[in-house]
Amino acid sequence: MKLKFPALYSAAVLLAAGGNAMAEVDVYGKANITVQNSDEGGASQVELKSNASRFGLKGDEDIGEGLKVIYRFEWEVDPDGKSGADNFSARNQFVGLAGFFGTLKVGRHDTALKTAQGDFDLFNDLSGDIKNILNGENRLGNYIGYTTPEIADAFSVTVNLFPGEDAAAGNDGIADGTSISLNYETDTVYAALARDSDIDGVGVDTTRAMGGYKFGAAQVNVLYQQTDAGALDGDGYGASFAYGFGRNTFKLQYVDADIYQTGVDSDIVLENQASVGLDRRIGDSTKLFGFYTTGDVAATGESNDYFGVGIEHKF
């Protein structure tokens, strides 16, 4: 929805353009909450979970010469549990310029490698999120991002630079960490090749290749990733499939990886993960959904299992 907020607009424009007149601010967000049974390491409980529920402000403003100022300030909220200051955490927040040259953003943002997954992760933000088994799902501050205009109506390149801001450790340049992707997208085909360097740690390089194809009401995606952490390395592969019929969407996803062996991300504990789910739209902005996710915990012989039902409403 589009509303006029004098106070919010003032903050956005001061950051975005030093603006001079009232403009529309797009207020948006979503609430996503599940009731689920979570069985982790043999300990089972029923819990209510907010799955990256969020709200934000975004907009753009024409400043002439074919240029636009763009901005976004987005926060995650946790309506099922946390309160006060703990209820808010920063998501993508940036200001930038867009024009004939492409798009330039500075602030906090998902890396090029993370966004290169496209529509692969059908269980994003749920217990079946690929961040539980693959590294590279990063959103970072100190972000300088540039995306080229589309080439031949299909190709684009995104380059992210991250200053380390730690001269004592030798990280005093503009590109102490980098994330780069080459993307190809049409109405039916999506492909991307991306690489992180020194994002998940000094000397850690991650390469991700992604492909997707839409045919009729179905979409299939495949992903391959390799992570090199000096003497240790690991790789992973996966596939996801979605099929829409009426107001329903059936979803299936599987990922297998030994990236846990590299130790680059302490949150990665699984060596495989499989999910199945069904979404049911009950309005233009609302859906009900159910899912089941299971994954083998690395080198333990145990598994994590989740069964949940939920509701999502976007505004």
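The values are calculated or read from the model by the stated rules, or taken from the named source; none is laboratory data. The structure displayed is predicted, hence computed values, not measured ones. Heads up, the Cβs are rebuilt from the backbone with ideal geometry, glycines too, and the neighbour counts pull from every protein chain shown. Surface accessibility is based on the protein's heavy atoms, side chains included, excluding ligands, DNA and RNA. Shrake-Rupley method; radii C 1.70, N 1.55, O 1.52, S 1.80 Å.
List of remarks:
- Rounded accessible area of LEU67 (nearest 10 Å², 1.4 Å probe): 40 Å²
- Helix-only CD estimate at 222 nm, as mean residue ellipticity for the chain, using -39500 (n - 2.57) per DSSP H run (n ≥ 4): -1000 deg cm²/dmol
- One decimal place: the segment ASP153-LEU278 gains 41.7 nm when fully extended, by the rule 0.36 nm per residue minus the C-alpha distance.
- Portion, in percent, of the accessible area of the chain that falls on carbon or sulfur, probe 1.4 Å: 55 percent
- Within the chain, longest stretch clear of exposed GluC sites (Glu not before Pro) (DSSP loop, no more than 16 other Cβ within 10 Å): 166-301
- The largest accessible area among HIS313, HIS109 belongs to the first residue in HIS313, HIS109, and the rest follow in falling order (1.4 Å probe, all chains).
- Extended-chain gain in nm, criterion 0.36 nm per residue less alpha-carbon gap, VAL27 and PHE101: 23.9 nm
- Sorting TYR213, TYR190, TYR254 by accessible area puts them as TYR213, TYR254, TYR190; the probe is 1.4 Å, largest comes first, and only protein heavy atoms count.
- Per residue accessible area of the range 83-167, 1.4 Å probe, in Å²: 43 Å²
- Of LYS68/LYS214; LYS82/LYS214; LYS68/LYS287; LYS105/LYS314; LYS68/LYS251; LYS68/LYS131, pairs whose Cα-Cα distance is over 31 Å: LYS68/LYS214; LYS82/LYS214; LYS68/LYS287; LYS68/LYS251; LYS68/LYS131
- Relative to the compact-globule estimate of 2.2 N^0.38 Å, the Cα radius of gyration of the range 70-221 comes out at 1.14.
- From the alpha carbon centroid of the range 213-283 to that of the range 121-167 is 17 Å.
- Between the entries (1) 0.94; (2) 0.97; (3) 1.40, the label attached to Rg/Rh (Cα atoms, Kirkwood Rh) calculated for this structure is (2).
- Think of the chain as a dipole: +1 on every Lys or Arg Cβ, -1 on every Asp or Glu Cβ, centred on the Cα centre; then among GLY29, THR188, GLY128, GLY29 lies furthest on the positive end.
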